Every structure is written in structure tokens, then in C-alpha cells.
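The values are calculated or read from the model by the stated rules, or taken from the named source; none is laboratory data. Source: prediction; values computed, not measured. FYI the Cβ positions are ideal-geometry reconstructions off the backbone, even for glycines, and counts take in every protein chain you see. For accessibility, only protein heavy atoms count, side chains too; no ligands or nucleic acids. Shrake-Rupley method; radii C 1.70, N 1.55, O 1.52, S 1.80 Å.
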Amino acid sequence: MKGTKGFALLLLSGAMILFALTACGKDFRSLDDIRKSGELIMLTNATFEPFEYVSGGEVVGADKDLAQMIADELGVELRIVDMDFDLLVEALKSGKGDLIAAGMTANPERAEQVDFSSVYVKNGLLIIVPADSEIRSGADLAGKRVSVQEATTSDDFATNEVEGAEVLRFKDAVAVGDAVQNGKADAAVLDIKPAEGVVANSGGRLALLPDPVTQEDTSMAVAKGNAELLAVVNKVLDAAVADGTVDALIQEHMDATTGAE
Ligand code: ARG
């Protein structure tokens, strides 16, 4: 009797140790793994000019250029996997890619699930309205139809900070501005640079409210605990921020997407 019990306990603790090991087991590739495979895999949602967008059938943008610099630093090719924004964190966690580069805001909820890099862009959210709108401030959004990209910080803002808004959620950030253009929404909430681009391309039909309604930090993300890769990402990003490369890339892609010289 005693023996059986002891054996059962032993089995149980064995199973628990195994469980704990797999639960803490790393779900990411080491730098060695990445170098051996010959490619760094970037996860993104390419609907977000100037950070990532599709041009000529390819994903381009400031994030792509920065991820390319990280791949170059590692001596590997860059592969890009484009997916819905709301799937990015899970995809990273389950090892479908090595890093997220998606104009992503480093916020505490996400930081529980992924590790964020240095901040490479100081960001915030802007409100886009029809040029003739009576909406003058975030407070005026109360009870209005507000378009956002699903699972973004804009979604959080419209859902949690705006009284009685009817939140229209789109998978695609391009559709967010379109909804205001075609009268389906009274306003859109979008990150600063993408919002500036949408308004610049609206032929005067849309306008921006001047003050950002939030202040946010844009970072890349790696799997929790992937300190090795994070160190390389930070090295490249910190240098690119310091020498003006990040600003120049954003400007280059703003010009390319808004038709400016
Ligand atoms: N900064 C916002 C967020 O992190 C929006 C990012 C959207 N990015 C994109 N590639 N669509 O929630």
C-alpha cells in the first residue's frame, strides 16, 4: 500500500517537473538557430504606412528597412510574414517568427507576453475627421461612430476612453481612414504618422485634430526571454535612432506614400 502510494507520488512529481520544464521551455530560436537557418523572420501587418505597407507586391516601409539592418547585422536574409495585427503577439509566442516589427506600441499588457526593444519612435494617437466636422476634441467623440484597427491601442482608446462611442473595428488599418472618407464613421483614431499620411492623401476631404490623445512608445518585440536577439535588435535600433536613420527612413516612406518630393 505504502509502496504504491509512494510510486504514485513519484510519478506525479515527475509529471509536474516535466510540465514545468516544457512550460518554461524556450519557444524561440537562439541566434545560432537563426544563423543556421539563414533567415530572420519578421512578423508584421503591412497596412500601416510609412512603417509597413505593400508596394509592387512586396512589404516595404521603415520597419522593414530597420529589420533588414538587423538581419544584415546577423549575416542572414530577412523573411517577412504578413498577418492580421491581432495575431502578431500569439504568432511570436508560438515561434512563427523571431521578431515583431509593426509600429507596435510597447504597453504593459503586451509586455507580459513579449519583450520589447528600445523605443525607436515617439508616437501617439491622432483623431481624423471629415474636413467639415464639428468634432474638435477627444471629448467630442462621445456617442460617435469611431473607426479603429482591431486590437490596437486605438481600439483600446475608443473602447475604454470614449463615452458611448460606437467602435467600428477593422482588421486592416487602411480601412480605418476609408471608413471616414465614405461616411461610415464620424472619426478615426490612428497613430501619428499613418494618420498624417491618410489626411495628406485625402485630397482635402479629411483633417487632423491637432493634439494627440495619447503618448506612446513604438518598439519591436521578441519572444519573452530572448535576451540574445534583443541585444542585437537594441544595438541596431539605438544606433539608427542616434544617427537619424530612423527619422530619415520614416520621412522617405512618408514621401513615397504621399507623393511628396
Ligand atoms: N501603435 C498601435 C498599436 O501598437 C497600432 C499599430 C498598428 N500596426 C500595424 N502594423 N498595423 O496598437
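Which one is nearest to Thr214 (Cα to Cα), of the residues in the stretch 115-148 that are without any contact (Cβ under 8 Å) to a residue 60 or more places away in the chain and open to solvent by 40 Å² or more (accessible area, probe 1.4 Å)?
Among them, the one singled out is Ala139.
Can you tell me which of Val232, Val176, Val180, Val189 is more than 21 Å from the chain's Cα centre (by Cα) and among the hydrophobic types (A, V, I, L, M, F, W, C)? Give the steps one after another, and end with the answer.
On the way: Val232 fails: more than 21 Å from the chain's Cα centre (by Cα); Val176 fails: more than 21 Å from the chain's Cα centre (by Cα); Val189 fails: more than 21 Å from the chain's Cα centre (by Cα).
Residue meeting the stated conditions: Val180.
Do you know which of the residues in the stretch 149-161 that are open to solvent by 10 Å² or more (accessible area, probe 1.4 Å) and more than 9 Å from the ligand (Cβ to nearest atom) is farthest from Leu209 (Cα to Cα)?
Glu150
Which of the residues that make up the stretch 68-126 are within 18 Å of Ala46 (Cβ to Cβ) and β-branched (Val, Ile, Thr)?
Ile70, Ile80, Val81, Val89, Ile100, Thr105, Val121
If you go through the stretch 160-171 one residue at a time, how many are out of contact with any helix residue (DSSP H, G or I) (no Cβ under 9 Å at 6 or more places or on another chain) and within 20 Å of Phe85 (Cβ to Cβ)?
Final tally of qualifying residues: 1.
At negative phi, acidic (Asp, Glu), outside any loop (DSSP other than H, G, I, E, B) and away from the ligand (no atom under 16 Å from the Cβ) - does that describe any residue in the stretch 168-178?
Filtering the stretch 168-178 for residues at negative phi gives 168-178.
Right, trim to acidic (Asp, Glu) and you get 172, 178.
So of that shortlist, the ones also outside any loop (DSSP other than H, G, I, E, B) come out as 178.
With the extra rule that they be away from the ligand (no atom under 16 Å from the Cβ), the set shrinks to none.
No, the stretch 168-178 contains no residue that is at negative phi, acidic (Asp, Glu), outside any loop (DSSP other than H, G, I, E, B) and away from the ligand (no atom under 16 Å from the Cβ).
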